[in-house]
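In what follows, a structure is listed as C-alpha cells, so that the remarks can point back to it.
The values are calculated or read from the model by the stated rules, or taken from the named source; none is laboratory data. Nothing here was measured: the structure is a model prediction, and the numbers come from that model. Cβ placement follows ideal geometry from the backbone for every residue including glycine, while neighbour counts extend to all protein chains displayed.
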Amino acid sequence: MHLVTLGINHKTAPVSLREQAAFDPGAVPEALRAVTTVGAGEAAILSTCNRTEIYCGLKDASEESLIDWFCRYHQLSSRLVRPHLYVHAGRTAVAHAFRVASGLDSLVLGEPQILGQMKNAFAVAREAGATGKLLNRLFQHTFSVAKQVRTDTAIGANAVSVAYAAVSLARRIFDSLSNKTVLLIGAGEMIELAARHLKEQGIKRMIVANRTVERASSLGAIYGAEAVSLVELPDHLSQADIVISCTASVLPLLGKGAVESALKVRKRRPMFLVDLAVPRDIEPEVSELRDVYLYTIDDLRDVIEENMESRQAAAREAEHIIEGEVVEFMRWVRSLDSVPTVRALRQSAEAMRDAELERARRALERGEPAEQVLLRFAHTLTNKFMHGPSSALREADTDGDLDLVSATRALFRLDDRTS
C-alpha cells in the first residue's frame, strides 16, 4: 500500500471550479465508501472553501483510477479538471500533509483554522471506518508536527489579515475588550471577518449598521449583534468604544462633527476607529480630535507587511522542522515493508522448531537417553536454521556479492573479530 494525495486548491484553481470539486459534509462518509471501490484501502477527505484533498492508501489502484473516480463523482470533465489537480505520492505526500496542517500552504500564511479542519476530516474518516494503520499514523504525526511548528516558531504570532490587524490594534489600546461596545459599519466579507475575530476576543456587545437592515440582521444572527440601518448611525455612535467601517460608499459616512458630538456624550472616553474602506468611510479630519485613535487601511497594511516578513522567517524555520519529521515518518513507512519478511521468517523458524521438537519427543518415548536427544535436537535445529543463509552466502562469495555479505554481518551483529 502506498500513500497518495490528490487535490485541488486556491493556488491551482479558481473558486468556480473549487466549488464544483468540493464534497458536501454530509456526503463525505458515503464518498469515502465509494473511493474504496476503486482500490483505496484507506481514505480521508479534506474539503474546505480553499481546498479539496483526498488522502489515500492505495493498494489495488493507480493514481489515474483515483483521478477518474474524482471526476466521475463530481460529474466534471476530466479534460477540464486535470490541469488544476495535483498528485503527491510517498515522501512528497507526507511533506504536503505536514505543510497544510502547519498553515504553510494556506491562502493566509500560518492561519490556524486548517488544523482544526484536518482534525475533523480525520475524525469523520475514522468514524466511517475508512482509515487504517497508514493514515492513522500519518494524521497523528501530522497533528504533532503542526503543534511543534506553532510552539517552536512564530508562524501564527502576528496578524496578517486586515481584519485581524484591526482587532489586534484594539487590544493594544484597551486593556480588555470584553466590556467594550463595537460598532461595525457595513456587512461585507471584511466586516464579517472582523466580527468573528472580535467574538473570539470575548466582545459582549456588537452593533452592525448597514444600508440594508436585512443583511445586517443576517450577520447579527451569526455573531449575536444588534442590527441597525445607516440612518440610525448618529443614535448609536456615542455608545461605541470601537468603530470598524468598510462599505462601498463613495462619500464618507462619518464626519468630524458627528464624531465630536459622540465624544461629548461619552464625556471624552476614548474611541478607536478603523477605516478599511477605499474610498474612505471616515473623514481624515476625525484624527484631529482628542481621545480619538483613527487608523486607515494603509496604516494596517504597514503592520501586516512587517508581520508577514516575520511569518515568512518563521515559515523557513517550519520547513526545517517538517523536513526532519518527514524523514522520521518515512523511516516508519519503510519498516512496514519488512513486516511480511519478518512474519515469514518467524513462521519458517517455528515450523523447523516444531518439526524437530516432535522428532525429539518421539525419541524420548522410545527410551533414548535425554542428553543424546537434546544434543541431536540442538545440532539438527542449528543446521536447519543456518542452511539457507549459509548457502546464500557461499553463492554470494562466488558471485562477488559483497553487499549481501555486509548485510548479513549487520543483520546478525557480527563484529570484525568474528571468524
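Quick one: in region 55-69, of everything that is outside any strand (DSSP E or B) and among the hydrophobic types (A, V, I, L, M, F, W, C), which residue is farthest from the chain's Cα centre (by Cα)?
Across region 55-69, the extreme among qualifying residues is 61.
Test residue 191 against the criterion of being at pLDDT below 95, in contact with a Cys (Cβ under 6 Å, 6 or more places away or on another chain) and outside the structural domain of residue 102 (by TED's automatic domain parsing), and give yes or no.
Considered against the rule, which asks whether it is at pLDDT below 95, in contact with a Cys (Cβ under 6 Å, 6 or more places away or on another chain) and outside the structural domain of residue 102 (by TED's automatic domain parsing), residue 191 comes out as yes.
Determine which member of the set 135, 184, 169 is within 30 Å of residue 269 (Cβ to Cβ), at pLDDT 95 or above and not small (Gly, Ala, Ser).
184
When you check residue 161 against the structure, is it out of contact with any helix residue (DSSP H, G or I) (no Cβ under 6 Å at 6 or more places or on another chain), of a type in the set (Ser, Thr, Tyr) and either surrounded by fewer than 21 Cβ atoms within 10 Å (Cβ to Cβ) or more than 22 Å from residue 299 (Cβ to Cβ) (or both), yes or no?
Judged against the criteria, residue 161 is a match.
Hey, among 52, 92, 37, 12, which residue is β-branched (Val, Ile, Thr) and assigned to a strand (DSSP E or B)?
Criteria check complete, one pass: 52.
Are any of the residues in region 64-78 in the same structural domain as residue 10 (by TED's automatic domain parsing), over 26 Å from residue 328 (Cα atoms) and at pLDDT below 90?
Checked against the condition, which is being in the same structural domain as residue 10 (by TED's automatic domain parsing), over 26 Å from residue 328 (Cα atoms) and at pLDDT below 90, region 64-78 yields no hits at all.
What residue, of 229, 168, is among the small types (Gly, Ala, Ser), surrounded by fewer than 19 Cβ atoms within 10 Å (Cβ to Cβ) and farther than 30 Å from residue 103 by Cα?
The conditions single out 229.
Can you tell me which residue is farthest from residue 409 (Cα to Cα) among those in region 358-396 that are of a type in the set (Gly, Ala, Ser) and more than 60 Å from the chain's Cα centre (by Cα)?
Result: 367.
Is there any pair linking a residue in region 37-52 that is aromatic (Phe, Trp, Tyr) to one that is surrounded by 24 or more Cβ atoms within 10 Å (Cβ to Cβ), with Cβ under 7 Å and at least six apart or on different chains, and which?
Once the first residue is aromatic (Phe, Trp, Tyr) and sits in region 37-52, no partner that is surrounded by 24 or more Cβ atoms within 10 Å (Cβ to Cβ) comes close enough.
Exactly one of (1) crowded, with 21+ Cβ neighbours inside 10 Å; (2) closer than 29 Å to residue 109 by Cα; (3) in contact with a Leu (Cβ under 6 Å, 6 or more places away or on another chain) is unmet by residue 10. Its number?
Checking residue 10 against (1) crowded, with 21+ Cβ neighbours inside 10 Å; (2) closer than 29 Å to residue 109 by Cα; (3) in contact with a Leu (Cβ under 6 Å, 6 or more places away or on another chain), the one that fails is (1).
Identify, from the list 289, 294, 336, the residue that is of a type in the set (A, V, I, L, M, F, W, C) and more than 38 Å from the chain's Cα centre (by Cα).
289
Looking at region 95-129, which of the residues that are touching a Gly at 6+ places or on another chain (Cβ under 8 Å), among the hydrophobic types (A, V, I, L, M, F, W, C) and part of a loop (DSSP other than H, G, I, E, B) is modelled with the lowest pLDDT?
Checking each candidate, the answer is 109.
Looking at region 1-26, which of the residues that are modelled with pLDDT under 95 and of a type in the set (Gly, Ala, Ser) is farthest from the chain's Cα centre (by Cα)?
Filtering region 1-26 for residues that are modelled with pLDDT under 95 and of a type in the set (Gly, Ala, Ser), the one farthest from the chain's Cα centre (by Cα) comes out as 16.
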